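What follows is a short report on a single structure.
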Amino acid sequence: MRKNSCHLMIIQLTVIIFALFFSLSVECRLTSKVFDDLSLDSSNNSDVFLNGGEKWAILIAGSSGYENYRHQADVCHAYQVMKKGGLKDENIIVFMYDDIAFNVDNPNQGVIINRPVGRNVYTNVPKDYTGKNLTTKNFFAAILGYKKAIKGGSGKVLDSGPNDHIFIFYSDHGSAGMLGMPQNEPAIYAKDFIEVLKKKHASNTYKSMVIYLEACESGSIFDGLLPNNLSIYATTASNPDESSYATYCDGDPGVPSEYNNTCLGDLYSISWMEDSERKDPRNETLRQQFAVVKNRTSEMSHVSEYGDVHLSSNYLSLYIALESRKPNQTYSMTNQSEPITPLYVVEQREADLIYFKEMVRRAPEGSKQKIEAQKRLDDVISQRKHVDQTVQAIAKQLFGESRGPSYLTKNRPAGTPLVDDWDCFKAMVSTYEEHCGSLQSYGKKYARAFANFCNAGIHIDRMAQVSAQVCANNENLLARTEEFKVYRGKHYESDADDSPAKNVVVKKWVIRTMNTRITRCFVFVLIIANVYSTVDGILDATVTFIKGNIIPAVIKGVDFVSLIVIRSDRDIGEDV
């Protein structure tokens with residue numbers, strides 16, 4: 001009996017020991033699996049909690065003027081998203097003209113909003129590169145970290161290292177192969193931008209980069225140009241050949257009546273920012289946000305992606321927020337309300353007209369303001385007609401009446417760059433503007449036509465010959481005017497704060513000789529204007545015409561390529 005009892009105890013003990021070892025083994029395996037999963041999750045592209053690199057951001061609005069309110073509103077809003085995410089000001093570089101917050105047309109001085117009844121997104125936004133310091137060269141230098149190449153501004157650049165992550169957001173007008181910049185600043189050409197990105201990659205000063213691009217035909221900036229081996233993921237508001245759209249305009253629910261002369265935001269831009277504010281960036285990937293934005297804009301434009309699409313599995317927190325929060329720590333934004341579904345969207349190039357038309361409507365009947373507002377609107381419409389007529393006429397001259405129109409909109413296959421010879425493309429644009437005047441934002445919709453001219457083998461000399469002929473005979477030759485301030489021969493832009501001639505308005509008219517066979521003709525024009533007492537000198541200018549191309553004449557430091565007509569403010573609205 002005792003022997004059987006011992007055997008039973010031994011068996012029971014053996015079972016207990018076996019069960020103990022089995023349970024420990026299972027526990028170890030489960031623990032190992034859990035840690036493996038955590039390790040995989042934390043070592044995923046997002047490196048949510050263990051990433052050691054810094055985060056950097058460049059935010060750029062490429063326009064100026066109250067009619068383009070939305071672009072600076074987009075960028076200011078983006079800053080607030082970055083700041084709420086925990087990025088440091090020294091790592092956020094802001095490019096904006098900064099002429100909106102305190103613009104005379106702004107009903108709430110010092111306030112910029114990006115959605116109906118939205119918060120002031122202008123608060124504490126760094127003024128790194130504003131006004132004349134908002135240049136293509138400074139933008140490129142900031143990306144590359146070239147402090148010595150920076151001219152003006154705060155001097156901030158992407159001082160990033162090999163483990164860092166970079167976010168770039170751009171908002172403005174665009175066109176095939178080009179991104180706009182304010183005033184007379186040269187545009188950002190796609191080829192140049194891509195070359196800068198390649199240099200940045202070669203310098204080994206980042207681990208990954210994300211680019212969000214709000215502009216018409218923004219897909220053309222990357223399509224067939226951005227390699228997939230630069231660790232750069234880019235999304236665009238539109239594909240290579242369509243417009244992007246402004247939103248939160250007059251007609252949208254909740255838009256205050258005082259803002260019915262502009263649009264508060266852009267559809268693509270407000271979509272990604274409102275999504276970022278509503279969700280924890282540690283739990284949403286770039287791919288998921290791309291899907292949200294694409295769905296919200298799908299009825300208007302086709303949001304597209306380029307570059308290293310594998311990076312889209314990264315979490316948003318890798319670029320727009322800190323990851324040092326503990327896993328169980330909540331993430332909060334100040335504005336998490338449901339996004340408003342816009343009822344009214346406008347093509348980017350048409351949105352500007354909202355402002356000019358509304359200013360005419362607001363001005364009292366018969367007033368000077370009414371006359372001035374109507375003239376501004378007429379000038380804008382006239383300039384658009386001028387560009388339409390001249391570019392279409394040039395295409396017909398180059399390719400014939402029947403074939404010419406097709407070259408204005410001809411698209412290349414997806415994945416093919418806009419143009420083969422980018423130097424030719426730049427020369428085509430500059431040649432047109434030299435002979436016919438500035439394209440401005442609206443006219444750049446014909447950038448694809450100039451690219452097609454190059455792809456068809458048109459030589460730049462032929463383009464110059466035809467442009468001179470077409471534009472010399474165009475009845476809208478004097479359509480475009482610009483305002484300037486001048487004092488004692490020094491040239492000031494109309495909004496220059498340091499101009500001592502506050503009341504002098506100079507109208508700049510583009511003039512061309514009507515006969516290209518004239519080998520040399522010098523025309524000297526001296527105009528004396530009665531101006532306010534702030535100007536006590538006589539202003540003079542010389543215009544030189546040679547072979548139909550105006551050569552700048554310099555008198556007292558003034559460099560003009562046009563006939564100058566000077567009038568005082570009292571004469572505005574009267575014919576000269």
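Couple of notes before you dig in:
- Of the set (1) open to solvent by less than 30 Å² (accessible area, probe 1.4 Å); (2) over 30 Å from GLU67 (Cα atoms); (3) not in a helix (DSSP H, G or I), all apply to LEU398 but (3).
- Odd one out for ILE150, checked against (1) without any contact (Cβ under 8 Å) to a residue 24 or more places away in the chain; (2) in contact with a strand residue (DSSP E or B) (Cβ under 8 Å, 6 or more places away or on another chain); (3) open to solvent by less than 30 Å² (accessible area, probe 1.4 Å): (2)
- Total residues in the stretch 282-321, condition open to solvent by 20 Å² or more (accessible area, probe 1.4 Å), free of Cβ contacts under 8 Å to residues at least 40 places away in the same chain and assigned to a helix (DSSP H, G or I): 6
- Cβ-Cβ under 8 Å pairs, at least 6 apart or on other chains, the stretch 75-100 side of a type in the set (D, E, K, R), far side at pLDDT 95 or above and assigned to a strand (DSSP E or B): LYS83/ILE92
- Filtering the stretch 65-98 to residues that are out of contact with any strand residue (DSSP E or B) (no Cβ under 9 Å at 6 or more places or on another chain), over 23 Å from LYS147 (Cα atoms) and surrounded by fewer than 24 Cβ atoms within 10 Å (Cβ to Cβ) leaves GLY65, TYR66, GLU67, GLN80, LYS84.
- Residues in the stretch 411-426 that are farther than 15 Å from SER175 by Cβ and surrounded by fewer than 18 Cβ atoms within 10 Å (Cβ to Cβ): 7 in all.
- Taking the criterion of being touching a Lys or Arg at 6+ places or on another chain (Cβ under 7 Å) and over 18 Å from LYS357 (Cβ atoms), the residues of the stretch 244-266 that qualify are GLY265, ASP266.
- Of the residues making up the stretch 212-266, those that are under 18 Å from ILE112 (Cβ atoms) and touching a residue at least 24 places away in the same chain (Cβ under 8 Å) number 19.
- Here the condition is being of a type outside the set (S, T, N, Q) and open to solvent by 30 Å² or more (accessible area, probe 1.4 Å); of ALA142, ALA202, it holds for ALA202 alone.
- Qualifying position, being open to solvent by less than 10 Å² (accessible area, probe 1.4 Å) and assigned by the TED database to the domain that holds ILE168, among GLY219, GLY224: GLY219
- Verdict on ASP252 being open to solvent by less than 30 Å² (accessible area, probe 1.4 Å), over 17 Å from TYR319 (Cβ atoms), modelled with pLDDT of 95 or more and of a type in the set (D, E, K, R): no
- Residue satisfying condition, being within 24 Å of the chain's Cα centre (by Cα) and not in a helix (DSSP H, G or I), within set PRO413, PRO417: PRO417
- Only residues that are open to solvent by 80 Å² or more (accessible area, probe 1.4 Å) and either in contact with an Asp or Glu (Cβ under 7 Å, 6 or more places away or on another chain) or under 28 Å from PHE450 (Cβ atoms) (or both) were counted in the stretch 348-388, giving 2.
- Residue ID - nearest to TYR170 (Cα to Cα), chosen from residues in the stretch 99-115 that are surrounded by 22 or more Cβ atoms within 10 Å (Cβ to Cβ) and not aliphatic (A, V, I, L, M): ASN114
The values are calculated or read from the model by the stated rules, or taken from the named source; none is laboratory data. Just so you know, these numbers come straight off a predicted model, no measurement behind them. Because the Cβ atoms are built from the backbone with ideal geometry, glycine has one as well, and the counts that use them run over all protein chains shown. The protein model used for the area step is the full one, side chains on, heavy atoms only, and it has no ligands, DNA or RNA in it. Shrake-Rupley method; radii C 1.70, N 1.55, O 1.52, S 1.80 Å.
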